[in-house]
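Let me begin by presenting the structure, written as structure tokens, before commenting on it.
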């Protein structure tokens, strides 16, 4: 069966510090991978998605970036965090045009 | 127009009644539609997938897709307090791209 791992579960970072969130998927090959952000009480905002190694589509201009160095690894990064980057970050995987499955999420607080 | 839109609620339904959740989408969404449930502080979990016009039933849940009117709905029969959560509608195949976009979610409360 497929599993998705996302860590850490919670993170408190000062403004201006870098960020690296990692997500890995097991039990499938060539998955579509997604990074979403959810502000408190709001819906899911798609940040990045990837259909293959090195293929990243950015949905929202911001100070975040994503990379996919391996087939089942997806990384979300920032060089300098802003207060507005606080939120619940979710990684997900899917097969082509099918439902997505989510990791446990990372609650990021920028202070 | 947003690609997927939901009434954010809140929606309050008495226990045992039918809860009806609705979602509309733009004509940029073409391939597939999904309903997720999200408890506070947790990640979304898949309830239903629907790909073709009509109804799809799974236990107490029924998803309905109407492509001509561009809406998808979720009915929850015999609502239970444990159904209280935020329900997210999602659409895939945005202009042929393999991305999945979500509505803003509807907060549902089932009153005992």
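Averaging Cα coordinates gives a centre for the stretch A:1-55 and one for the stretch B:1-69; these two points are 23 Å apart. Here each label is just a point 7 Å from Cα along the line to Cβ, and for residue A:57 and residue A:70 those points are 2.6 nm apart.
Taking the square roots of five times each eigenvalue of the Cα gyration tensor of the protein assembly as shown, the equivalent ellipsoid has semi-axes of 29, 20, 16 Å, listed largest first. A quarter of the convex hull surface defined by the alpha-carbon atoms of chain B gives 6.6 nm² as the mean projection. Put simply, the convex hull of the Cα atoms in the stretch B:31-75 casts, on average, a shadow of 3.5 nm². Relative contact order, whole percent, for the stretch A:23-87 stands at 31, derived from Cα pairs under 8 Å and 6 or more residues apart. With 5 Å bins beginning at zero, the pair-distance distribution over Cα atoms of the stretch A:24-111 amounts to 3, 14, 26, 27, 17, 9, 4, 0 %. If contacts are Cα pairs under 8 angstrom and at least 6 residues apart, what is the relative contact order of chain A in percent? 36 percent. Going by how many other beta carbons lie within 10 Å of each one, how would you line up A:64, B:74, A:82, B:11, fewest first? Listed from fewest to most nearby Cβ atoms, that is A:82, B:11, A:64, B:74.
Read-outs: derived from the displayed coordinates by stated rules, not from any lab. Just so it is clear, the structure is predicted and the values come from calculations on it, not from any experiment. Counting neighbours? That spans all protein chains shown, and the Cβs are built from the backbone with ideal geometry, glycine included.
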